[in-house]
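Please read the structure below before turning to the comments.
The values are calculated or read from the model by the stated rules, or taken from the named source; none is laboratory data. Keep in mind that this is a model prediction, so the values were computed, not measured. Every residue, glycine among them, receives a Cβ derived from its backbone with ideal geometry; neighbour counts consider all protein chains shown.
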Number of protein chains: 2
Amino acid sequence: MAITVVGSVAFDTVETPAGRRERCLAGAATYFSLAASYFTDVRVIAVVGEDFGAEQQAVFDAHKIDTRGIERAPGKSFFWQGSYLENINEAKTLQTDLNVFAGFEPKIPDAYRDSQFLFLANIDPVLQRRVREATPNAKLVAGDTMNYWIKDHKPALLEVLKGLDIINDTEARMLAGKENLVQAARAVMDMGPRMLVVKHGEYGATLFHKSIPKGHKSESFRAPAMPLEQVVDPTGAGDSFAGGFFGYLASQKELTPGVFRRAMFYGSVMGSFACERFGTERLQELTREAIDERFHFFRELTHLD
Amino acid sequence: MAITVVGSVAFDTVETPAGRRERCLAGAATYFSLAASYFTDVRVIAVVGEDFGAEQQAVFDAHKIDTRGIERAPGKSFFWQGSYLENINEAKTLQTDLNVFAGFEPKIPDAYRDSQFLFLANIDPVLQRRVREATPNAKLVAGDTMNYWIKDHKPALLEVLKGLDIINDTEARMLAGKENLVQAARAVMDMGPRMLVVKHGEYGATLFHKSIPKGHKSESFRAPAMPLEQVVDPTGAGDSFAGGFFGYLASQKELTPGVFRRAMFYGSVMGSFACERFGTERLQELTREAIDERFHFFRELTHLD
């Protein structure tokens, strides 16, 4: 089944202990689309400027990503510059130029209207909500958020949460105002979504269900992260996780609890690949075989036998 | 097989968001022994004062823990007072009275000499080394350390590391002086031990092998922690982990890679129980059935099927 994703397509300049890259093709929707494209068809809603040329378009085309929803606007694409020199786990933002993104009005092509899977990447919750309301037939809707929206745009975010099945939220504790993760998870799910994915960086991620799945003992499932000897660039790891997670879900006929577990593993797999090179470089050149090989590595990393 | 453990037997006064307890029976060797006692015979080397009476002795006796190596000295037992009111994950030490522990000279009863499993709990590395040297026939030797010894007693600690098979070290990064966990693990194992267990608090723990076990792809294995809705008292969780981990190992005929994996799960299980009540209260009243039930819960928490 096809996924529609709305989010940013951008250029990033990053510096990390591994080096520096100028104007990588990046943005949450780009990471998400590339990661999900190894599992299913992906359709993007975004806006780019005149600096988005044939080279960038070719990256989407090579992964058969539908870009009819990427609007071309006069001016420059969203640009972000960040540094991980002080802390590899936390970006220090050096510059953010919204550029054409400042006036972004998501437009959903008619050809996207039959998408049953919708992903609202990390953008202004007002825009997330608008896209959600314009796609009432979506079967499974997931969204992402971050500390910035929790702190300064909470009322709009709370409205979005009501319309989500799954929320990806590394800052679930902040959103819930609770220190204990289990309590925070329950509080976030009381805001709307029936599932919550919390990423723990190098320690993996946890999936919480609002109610314990039939035949199971636990409301949660924990997936590992890859023990990486070197993180080249952690930018987009969360968006790539979301792409692997949601992409795998959309590729499955039935959404059983077991499918959600495997989706968590595929999310973690795609997040780990994203960190191995700058920007979306690694995600551009993967194969499904390499992805499945890492999936099996993750299984060995966590399974008793 | 019997385990000999050397470490502290103490009284703790703790305050946490869940309440306050005065003078709980505690200390690293107590947590370790109780946790390990559900798997195998345990023999303790420690020193206590006159405040260690029939009530405390009865706790060890009820778990058939050999206390012939617990020396009774004039004065008071080791006392620690800490608070978790500010941060449930990190104790703030309010008072430490070494008391009889200040002059502790570990004495190994002859009856302990055939122990093939030796655990050096978190005490002065000079004492750890002395016990290690006095037990040359031990088949598997594990030890624990912490930031205090790494910072201020590093030369003595490095000597201990040479004589260990397994080191438990939450602060592996600090010991190695490396931020990346995989790199830090390799550096720590280059100091002597062929295995390293790093605990990640609520995110579980990782076992690193110096070389990839035969038939496996990964040098590491990741065990989860219990998603606890309330941590009553985290004191001793690491020692209880060590007791479960090492106790299970000592109970097995052969130390295969699969046994080490299951030992990590049992470690995590015992650590989770320890947090559920104050001091060693929860560890005192467990059953092997309750332990195995949680083991299966942990399997479901992490396994794909």
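Take the conditions within 14 Å of another protein chain (Cβ to nearest Cβ) and within 24 Å of residue B:186 (Cα to Cα) and apply them to residue A:226. Does it pass?
yes
With the structure loaded, tell me whether residue B:52 is aromatic (Phe, Trp, Tyr), modelled with pLDDT of 95 or more and more than 30 Å from residue B:265 (Cα to Cα) or whether it fails that test.
So residue B:52 fits the description; yes.
Looking at (1) touching a residue at least 60 places away in the same chain (Cβ under 8 Å); (2) more than 22 Å from residue B:147 (Cβ to Cβ); (3) not hydroxyl-bearing (Ser, Thr, Tyr), can you tell me which one residue B:22 breaks?
Only one criterion is unmet by residue B:22, namely (1).
So, in the range A:260-271, of the ones that are among the hydrophobic types (A, V, I, L, M, F, W, C) and under 18 Å from residue A:41 (Cα atoms), which residue ends up nearest to the chain's Cα centre (by Cα)?
The selected residue is A:270.
At the interface with chain A (Cβ under 8 Å from one of its Cβ atoms), surrounded by 22 or more Cβ atoms within 10 Å (Cβ to Cβ), part of a helix (DSSP H, G or I) and touching a residue at least 40 places away in the same chain (Cβ under 8 Å): which single residue out of B:265, B:245, B:298 fits that description?
B:265
Could you please find all residues in the range B:109-128 being out of contact with any strand residue (DSSP E or B) (no Cβ under 6 Å at 6 or more places or on another chain), in a loop (DSSP other than H, G, I, E, B) and surrounded by fewer than 20 Cβ atoms within 10 Å (Cβ to Cβ)?
Once the filter is applied, which keeps residues that are out of contact with any strand residue (DSSP E or B) (no Cβ under 6 Å at 6 or more places or on another chain), in a loop (DSSP other than H, G, I, E, B) and surrounded by fewer than 20 Cβ atoms within 10 Å (Cβ to Cβ), the range B:109-128 yields B:113, B:114, B:116, B:124.
Of all the residues that make up the range A:73-88, how many are of a type in the set (D, E, K, R) and either surrounded by fewer than 12 Cβ atoms within 10 Å (Cβ to Cβ) or assigned to a helix (DSSP H, G or I) (or both)?
1
Of the conditions (1) within 14 Å of chain B (Cβ to nearest Cβ); (2) under 23 Å from residue A:30 (Cβ atoms), residue A:148 clears all except one; give me its number.
Unmet condition: (1).
Could you pull out every one of the helices (runs of 4 or more DSSP H) wholly within the range B:131-194 that has 3 or more residues that are among the charged types (D, E, K, R)?
B:154-162
With the condition kept exactly as written, say whether any residue in the range B:89-99 is within 14 Å of chain A (Cβ to nearest Cβ), surrounded by 19 or more Cβ atoms within 10 Å (Cβ to Cβ) and at pLDDT 95 or above.
No - not one qualifying residue is present in the range B:89-99.
All but one of (1) within 14 Å of chain B (Cβ to nearest Cβ); (2) buried (at least 17 other Cβ atoms within 10 Å of the Cβ); (3) out of contact with any strand residue (DSSP E or B) (no Cβ under 7 Å at 6 or more places or on another chain) hold for residue A:237, so report the exception by its number.
Just one mismatch for residue A:237, condition (1).
Filtering the range A:169-206 down to residues that are closer than 23 Å to residue A:87 by Cα and of a type in the set (A, V, I, L, M), which residue is farthest from the other protein chains (Cβ to nearest Cβ)?
Within the range A:169-206, the match that is farthest from the other protein chains (Cβ to nearest Cβ) is A:174.
Take the residues of the range B:248-259 that are in contact (Cβ under 8 Å) with a residue 24 or more places away in the chain and more than 14 Å from chain A (Cβ to nearest Cβ): which is farthest from residue B:41 (Cα to Cα)?
Here the answer is B:255.
Looking only at residues that are surrounded by fewer than 21 Cβ atoms within 10 Å (Cβ to Cβ) and assigned to a loop (DSSP other than H, G, I, E, B) in the range A:1-23, which one is modelled with the lowest pLDDT?
The selected residue is A:1.
Please find, within the range B:268-290, the residue that is farthest from the other protein chains (Cβ to nearest Cβ) out of those that are over 23 Å from residue B:14 (Cα atoms) and of a type outside the set (D, E, K, R).
B:287
Working only within the range A:207-223, note down all residues that are under 30 Å from residue A:276 (Cα atoms) and more than 7 Å from chain B (Cβ to nearest Cβ).
Scanning the range A:207-223 gives A:207, A:208, A:223.
Does residue A:141 meet the test of being over 30 Å from residue A:54 (Cβ atoms), surrounded by 16 or more Cβ atoms within 10 Å (Cβ to Cβ), in contact with a Ser or Thr (Cβ under 9 Å, 6 or more places away or on another chain) and not polar (S, T, N, Q)?
Spelling it out, residue A:141 is indeed over 30 Å from residue A:54 (Cβ atoms), surrounded by 16 or more Cβ atoms within 10 Å (Cβ to Cβ), in contact with a Ser or Thr (Cβ under 9 Å, 6 or more places away or on another chain) and not polar (S, T, N, Q).
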